[in-house]
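Asks: Take a look at the following structure, please.
The values are calculated or read from the model by the stated rules, or taken from the named source; none is laboratory data. From a predicted model like this one, the values you see are computed outputs, not experimental measurements. Backbone-built Cβ (ideal geometry, glycine too); neighbour counts: all protein chains shown.
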Amino acid sequence: MKLAVHQLVIRAEPDDIFDLLVDPALIVSWMADDATLDPTPGGIVRWSHPNGDTVSGPYVTIDRPHRLVFTYGWERIDVGIRPGSTTVEITLAPQPGGSTVVKLVDSGLSDSSAGAHEGVGRTTWVGCGEAPRANDSTCRRDSILESGRATA
């Protein structure tokens, strides 16, 4: 099994970024078309992408605003990553000046799945600069997609 690791700096406090990851109304503003999130251990993590594909799994650890762990997988069988089969760990480390280092580690992926996850997370913020602001409307998914610099 492989790991996919992504890290970036966002010009926002950890609490604000944490909200973007666990509040259904906020996650649909930048990543998903629809989301059901119950950020409690064992609670559901489920969102649908613009192409209709849906991922789901349970939350494992919620340590606001420092760490979030959940399992997930695709509900569409032919993707080959079943719901709950991989683990995502997101850590948020505050930096001087109000920025946060966001590190995402996706473990339990097959070799081919890990390769498909290269750049994931980073592309979500394309067009936002090296250190995007969490509350910057230019970093919202619709703005990014309209710019033509990223695809869903």
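Asks: So which residues in region 59-99 are farther than 24 Å from Ile17 by Cβ, among the hydroxyl-bearing types (Ser, Thr, Tyr) and either modelled with pLDDT of 95 or more or crowded, with 18+ Cβ neighbours inside 10 Å (or both), if there are any at all?
Replies: Matches in region 59-99: none.
Asks: Just one of the numbered conditions (1) of a type in the set (S, T, N, Q); (2) farther than 20 Å from Val5 by Cβ; (3) not in a loop (DSSP other than H, G, I, E, B) is not true of Thr91; which one?
Replies: (2)
Asks: Kindly list the number of the only condition in (1) of a type outside the set (Phe, Trp, Tyr); (2) assigned to a helix (DSSP H, G or I); (3) under 14 Å from the mean Cα position of the chain (by Cα) that fails for Ala4.
Replies: (2)
Asks: Pull out all pairs, ordered by first then second residue, where Cβ-Cβ is under 8 Å, the residues are six or more apart or on different chains, the first lies in region 59-72 and is part of a loop (DSSP other than H, G, I, E, B), and the second is small (Gly, Ala, Ser).
Replies: From region 59-72, the pairs are His66/Ala93.
Conditions (1) part of a loop (DSSP other than H, G, I, E, B); (2) of a type outside the set (Gly, Ala, Ser); (3) within 20 Å of Leu92 (Cβ to Cβ), marked per residue:
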position	(1), (2), (3)
Leu8	no, yes, yes
Ile17	no, yes, yes
Leu20	no, yes, yes
Thr36	no, yes, no
Gly42	yes, no, no
Pro50	yes, yes, no
